[in-house]
Amino acid sequence: MTREITGLLIDHEHPITLGELSRACSMHAEWILELVEEGILEPLDYDVLASSTPQLLFAGQNIHRALVVRRLQRDLGVNLSGAALALQLMDEIDTLRARLNASSCR
Amino acid sequence: MEFKDYYELMGVDKKATQAEIKRAYRKLARKYHPDVSKEDDAETRFKEIGEAYEVLKDPEKRAAYDQLGANWKSGQDFQPPPDWDAGFEFSGGGFTGENASAYSDFFETLFGQQFRGQQQHTQGHGYSMRGEDHHAKVLIDLEDAFNGATRSITLHSPQLDDAGHIVTKERTLKVRIPKGVHQGQQIRLSGQGAPGVGGGPQGDLYLEIEFRAHKYYRAEGRDIYLDLPITPWEAAFGAKIKVPTPAGTVDLKIPENPVSGKKMRLKGRGIPGKSPGDLYIILNITIPPATSDKAKEIYRTMKKELDFNPRADLGV
């Protein structure tokens, strides 16, 4: 009999920290910050970047985005702006595909 | 064990130069990268290509592979000849432990041991490290987001056994899916990731929520969309009709004369939560087919009595 386990849902009330995000991706925090600068990841409160003791917090969706970038970099050798462009195009394709599925279901 | 023809997998000639192999790999990797490609077998293809490139890009491994002989066909039953790799030196460049588990038995038998040997000495004395975080997807139904659910997920994690072989360990977790989750959200299970090294703590497991395709709803974030067919007379006179929602049937008042495709919003009827999503209903006026005499007669009357040109905007 397997024990039922309850995890923590990453949402706006329970965002993940910079440290947790970099650990989730097995990458350095500096790499995560580069992704923020490139506009690939959006911290919840951007202003804290300017403060002296930055505690950056992220919504859960950023985990997926960061992992995709890591894979694109590692597997295809794209640079950060290339990865940012690929992510943006993939988002657009997803939206279009969802719309296409919806209209073909009718 | 099946023989793998790495040249065939990469679509290159056996005499291809290293540059040609690299080019072929780049093209195929972009085409089949699972994040980019939507082809069904993208992940399998990508792994195969990665494995082929792992061997062919490295002159040492390529030379060893080549001397197996050119008579092998892809898929043929294969056992490596004894001491097949005698006289070859491997320096093991570019074999990352992360991808090791993705490679086939064929690769594992030929090249697995050499590289495992080299990885061992990274585990020195007096050194401890937290285990890596792992990631997995959990498929749920849209209804689960409304009611909450418990899902069993089976994870296959590659681990090294005592002899240094990679074995796939299977374990099942029963996970509580809270009410109000939506596509792409992450659930963190503390301590369910990779075991730590040298007494370090275990990593975490992140589960990404993915909805199974639903017969008639589709979700975008917390909002839900439903295409709702209505009759021409419901559209003409307005109507109060029953509409399914994931939380149960509701009555919806259709206004008079909506255009087909009109979007109606049921506020707060999307995925529940502190700020619940909305349910959007897209009206789709559906005309009855003119198959019976009665229907034909009515259409004939409409043709005679109604002055209706749906192509007026097109100037014809």
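For the residue pairs B:K61/B:K169; B:K4/B:K61; B:K242/B:K303; B:K242/B:K262; B:K240/B:K263; B:K22/B:K57, alpha carbon separations beyond 19 Å are given by B:K61/B:K169; B:K242/B:K303.
Partners of B:K304 within straight-line reach, counting lysines whose Cα lies under 24 Å from its Cα and excluding those fewer than 8 residues away in the same chain: B:K294, B:K296. Measuring r between the beta carbons of B:M129 and B:Y216 and using R0 = 41 Å, the FRET efficiency lands at 0.25.
Cross-link reach is defined here as a Cα-Cα straight distance under 20 Å, omitting same-chain residues fewer than 8 places apart; for B:K274 the lysines meeting it are B:K179.
Which aspartates and glutamates, on any chain, are close to B:K47 with Cα under 18 Å apart, when same-chain ones fewer than 8 places away are left out? By straight Cα distance, B:K47 reaches A:D75, B:E2, B:D5, B:E8, B:D35, B:E39, B:D58, B:E98, B:D105, B:E108. The alpha-carbon atoms of region B:231-288 define a convex hull whose volume equals 75 cubic angstrom per residue. A cut-off under 12 angstrom between Cβ atoms defines the neighbours of A:G82, and their net charge, with Lys, Arg +1 and Asp, Glu -1, is 0. Label positions at B:D161 and A:R97, each projected 7 Å from the Cα along the C-beta direction, are separated by 3.8 nm. In summary, the convex hull built on the alpha carbon positions of region B:247-316 has an orientation-averaged projected area of 7.9 nm².
Calculated on the alpha-carbon coordinates, the convex hull of region B:134-211 measures out at 84 cubic angstrom per residue.
Each reported figure results from applying straightforward, stated rules to the coordinates on display, with no laboratory input. Treat the numbers as computed from the prediction; the structure is a model and nothing was measured. Because the Cβ atoms are built from the backbone with ideal geometry, glycine has one as well, and the counts that use them run over all protein chains shown.
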